[in-house]
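As structure tokens, the structure follows; a few thoughts come after it.
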Amino acid sequence: MKKLLAALALFAAFSANAEISPNAKQEIAHLFTHLKTSGCEFNRNGTWYNAEKAVAHLNQKYEYLLGKKLISTTEDFIVRAASESSMSHQAYLVKCGDKETKSAVWFKEALTIFRSK
């Protein structure tokens, strides 16, 4: 039990001091650009916003989480900043044309496509 607690403490200390890699920064920048140029709408707490306003909001959350050292990977960004409201915990949605998708799914698909190129 002591070994488990020590390992968890070490993991927590490591993740609290995590730095984001240049590759993750590039991927996140791509996701911002992809959303901004998509022509899609973004739903936050029941209100639809254009992609430019969505990017501004998500960037604000991203910068805050970076400052707290809570993002070290692109997946961290998607889960912690781009999936749901921090206040209401309602899932964010992306609507492109008539198709609505949870933002977490939308961003993960965009990331998969980006990584495959």
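Can you give the net charge of the other residues whose Cβ lies under 13 Å from the Cβ of SER86, counting K and R as +1 and D and E as -1? Write out the running numbers ahead of the final one.
Values: positive: ARG44, LYS61, LYS68, ARG80; negative: GLU84.
Neighbourhood net charge equals +3.
Determine ³J(HN,Hα), in whole Hz, for all residues of region 46-54 in sequence, where each value follows from phi through the Karplus function 6.51 cos²θ - 1.76 cosθ + 1.60 and θ = phi - 60°; x replaces Gly and Pro.
Going residue by residue, I get x, 10, 8, 10, 6, 4, 5, 5, 5 Hz, with x marking Gly and Pro.
Order of 82-89, 25-32, 57-64 by packing, highest average Cβ count within 10 Å first?
Details: 82-89: 14.0, 25-32: 17.8, 57-64: 16.0.
Going by the mean number of other Cβ atoms within 10 Å, highest first, we get 25-32, 57-64, 82-89.
Using a basic spin-label model with each label point 7 Å from the Cα along Cα→Cβ, how many nm lie between GLU19 and THR37?
Between GLU19 and THR37, the simple spin-label model gives 3.0 nm.
Calculate the spin-label point distance for GLN26 paired with ALA56, positioning each point 7 Å from the Cα along the beta-carbon direction, and give it in nanometres.
3.0 nm
Restricting the calculation to Cα positions, tell me the Rg (one decimal) and the Dmax (whole number) of region 20-116 in Å.
Looking at region 20-116, its Cα Rg and Dmax stand at 12.4, 37 Å.
What number does region 62-111 give for Rg over Rh if you use C-alpha atoms and the Kirkwood radius?
On the way: Rg = 11.6 Å, Rh = 11.4 Å.
My calculation of the ratio gives 1.01.
Bear in mind that the values in this text are calculations on the coordinates, not laboratory data. Since the structure is predicted, the reported quantities are computational estimates derived from the model, not experimental observations. We place every Cβ from the backbone using ideal geometry, glycine too, and count neighbours over all the protein chains shown.
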